[in-house]
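First comes the structure, then the notes that go with it.
The values are calculated or read from the model by the stated rules, or taken from the named source; none is laboratory data. Predicted model only: the values in this text are computed from it and were never measured. A quick note on method: Cβ atoms are made from the backbone with ideal geometry, for glycine too, and the neighbour counts reach across all protein chains shown.
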Amino acid sequence: MLSEDVTPTVLGRLIDIQAESSRLDVKTRGVVKTIRRLFAIGFTIITFLFACCALALIVLATWELWRGINPYSLASLRERFSSLLESIGLLTIAVAAFELGQTILEEEVWREVHTSGPTRVRRFLSRFMIVIIVALAIEAMISVFEFAHDDPTHLPHASLVGIAAAVLLAGWGIFIKFNTGAEMLEPEAMAEAKREDEKIFSQEQSINNSSP
C-alpha cells in the first residue's frame, strides 16, 4: 500500500519538474531572441554609420579631385598631383567603409544562422581581410608615388605599409589552409551556411527583379 501511494506522488513531482523546466526553456529562448534583436539593431546602426562615413569621404574625395583638375586654379602641377592622390586615398577608405558595413549587415543582420563554427569564422574574416589588404596595398602605392616626388626619405615608411599588406595576405592564406581541415569536421555547419547563402541570394534576386 505504501509503494502504491508513493508512486503517484513521485510521478507528480517529476511532471511538475518537467513542466517547470519547459517554462524555463521558453523564458530562456525569449531572452535570447530579445538579445539577438538588440544586437541586430546595434549592427544596423553601425552599418548606417559606416555608410555615412563612406559618403562623407566620397564628398571629400570629390572636393580633392576638383582641386586637382580645376582649370581656373593657380595651383602647381605638384599640388594638383597631390590632390589627385589624396582623392584616390579617400576613395579607397570609402570603399573599405562600404565593404565593412555590407559585411556586417549581411553576416550579422540578414543571416539567421548564428554559429561560431570555422565556416562562419572563415567567411567573415575573409571578407574583412580582403578589404584591409586591398586598402593597405593601394595606400602603399599612393604613398610611394607621393613620397617619391616630395620626400624620398619617407619611402621606407611606405614600404613598411606594403610589407604589412603582404604579411597579412600570407597570414590569411595560412589561416585558410588550416581552417579547411577544421571545416571538414563540421559538415552540418557548412551545409547550413550554404543553405543560408542560397536563401539570401534568392531574396536579392527577387528584390532586383521586382525593382523597375
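Tabulated data
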{"item": "Index of the failed condition, residue 94 passing every other in (1) of a type outside the set (Ser, Thr, Tyr); (2) within 23 Å of residue 179 (Cβ to Cβ); (3) in contact with a Leu (Cβ under 8 Å, 6 or more places away or on another chain)", "result": "(2)"}
{"item": "Candidate set from segment 132-149 (those that are buried (at least 17 other Cβ atoms within 10 Å of the Cβ) and in contact (Cβ under 8 Å) with a residue 40 or more places away in the chain); member that is nearest to residue 97 (Cα to Cα)", "result": "135"}
{"item": "Residue list for segment 116-170, restricted to those being among the charged types (D, E, K, R) and at pLDDT below 80", "result": "120, 122, 123, 127, 146, 150, 151"}
{"item": "Flag if residue 86 is in a helix (DSSP H, G or I) and either buried (at least 19 other Cβ atoms within 10 Å of the Cβ) or touching an Asp or Glu at 6+ places or on another chain (Cβ under 6 Å) (or both)", "result": "yes"}
{"item": "Residues (touching a helix residue (DSSP H, G or I) at 6+ places or on another chain (Cβ under 8 Å), among the aromatic types (Phe, Trp, Tyr) and under 21 Å from residue 53 (Cβ atoms)) located in segment 64-109", "result": "98"}
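Each row is one residue, and each column tells you yes or no for (1) touching a Phe, Trp or Tyr at 6+ places or on another chain (Cβ under 6 Å); (2) within 30 Å of residue 123 (Cβ to Cβ); (3) at pLDDT 90 or above.
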{"site": "18", "(1), (2), (3)": "no, no, no"}
{"site": "62", "(1), (2), (3)": "no, no, yes"}
{"site": "74", "(1), (2), (3)": "no, no, no"}
{"site": "77", "(1), (2), (3)": "no, no, no"}
{"site": "99", "(1), (2), (3)": "no, yes, no"}
